[in-house]
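J.: Got a structure for you, written out below as structure tokens; questions coming shortly.
The values are calculated or read from the model by the stated rules, or taken from the named source; none is laboratory data. None of the values given here were measured: they were computed from a predicted structure. Here the Cβ positions follow ideal geometry from the backbone for every residue, glycine too, while neighbour counts run over all protein chains shown. Heavy atoms of the whole protein, side chains included, go into the accessibility calculation; ligands, DNA and RNA do not. Shrake-Rupley method; radii C 1.70, N 1.55, O 1.52, S 1.80 Å.
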Amino acid sequence: MATIATPHIIRESSSGYSTVSILDDMLQNREVECVGEITDESVYSLCRQLRYLHRLDPKKEITMFINSPGGSVTDGLALYDVMKGIACPVRTVCLGTAASMAAVLFASGAQREILPHGKVMIHDPLIGRTGGSALQLMETSKSLMATREHLASILAEHTGHSLEEIYEKTARDTYFDAEEAVAFGLADRVITQI
């Protein structure tokens, strides 16, 4: 996730005072954050946290706060698989923006909530590195189209829209404000308190 300063909190116990990372405190409250670009490193960390919380209590809800421009589809799909592979329901909350792969993760939550000024953006997957022989470009194109179909299927499943409706929206960058995200089925409700 993004490199940001992590605040610490002070706890008092029978052995005195100690400082604890606020992230540790959030994890204890079954809260995780998907913030910044989705990469192999950020996804590995989130997958580890989800698996740990599942092991502690496989029935208790986990809340994932999302504020991300998206990133690696392959890594995002690994996180999606873990979200769906654990027994715990994963509630997703959009703080700021859930774009691209982050929008797919947000929409796949067991309960999907968005703050009033939150935004969701969906689009077709983007091509990464280009170049190479004609055959390499053809293979890249086939792979990209398969990924497009796969992501559209996930969005269709979680929004209740047909593949054609999803393709129409993802043909370009399509932004939804909080109310529009609810109306389109990307979110369940707008919340004003977390």
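J.: Given C-alpha coordinates of the stretch 1-108, what is the ratio Rg to Rh with the Kirkwood estimate of Rh?
T.: 1.01
J.: Something else now. Determine one quarter of the surface area of the Cα convex hull of the chain, which equals its mean projected area, and express it in nm² to one decimal.
T.: 12.8 nm²
J.: Oh, and also: State, to one decimal in nm, how far the label point of Glu180 lies from the label point of Ile194, with both points 7 Å from Cα in the Cβ direction.
T.: 2.4 nm
J.: With springs only between Cα atoms under 10 Å, which of Cys34, Cys94, Cys47 fluctuates most in a Gaussian network model of the chain?
T.: Top of the fluctuation ranking is Cys47.
J.: Roughly how many percent of the accessible protein surface of the stretch 1-94 is carbon and sulfur, given a 1.4 Å probe and a whole-percent answer?
T.: 51 percent
J.: Quick one: with all protein chains in place, what share of the accessible area of the stretch 138-189 is carbon or sulfur, to the nearest percent (1.4 Å probe)?
T.: Taking all protein chains in place, the stretch 138-189 shows 50 percent carbon and sulfur surface.
J.: For the chain, what is the accessible area per residue in Å², given a 1.4 Å probe and the full set of protein chains?
T.: 56 Å²
J.: For the stretch 84-133, divide the Cα radius of gyration by the Kirkwood radius and give the resulting Rg/Rh value with two decimals.
T.: We get a ratio of 1.15 for the stretch 84-133.
J.: Once the whole set of protein chains is in place, how much accessible area is left on Ile10, using a 1.4 Å probe, in Å² to the nearest 10?
T.: Accessible area, nearest 10 Å²: 130 Å².
J.: Using label points projected 7 Å from each Cα along Cα→Cβ, tell me how many nm separate Lys59 and Ser143, to one decimal.
T.: 4.4 nm
J.: Right, here's the next one. For the chain, what is the mean residue ellipticity at 222 nm derived from helices alone (per DSSP H run of n ≥ 4: -39500 (n - 2.57); sum divided by total residues; nearest 500 deg cm²/dmol)?
T.: Result for the chain, helices only: -13500 deg cm²/dmol.
J.: Once both axes come from the Cα atoms, what is the angle between helix 134-159 and the longest principal axis of the chain, in degrees from 0 to 90, rounded to 10?
T.: Helix 134-159 sits roughly 60 degrees off the main axis of the chain.
J.: A further question follows. Which lysines, if any, have their Cα less than 21 Å from the Cα of Lys84, not counting same-chain residues under 8 positions apart?
T.: By straight Cα distance, Lys84 reaches Lys59, Lys60.
J.: Nearest 10 degrees is fine. How inclined is helix 40-56 to the longest principal axis of the chain, computing both from alpha carbons?
T.: The answer is roughly 50 degrees.
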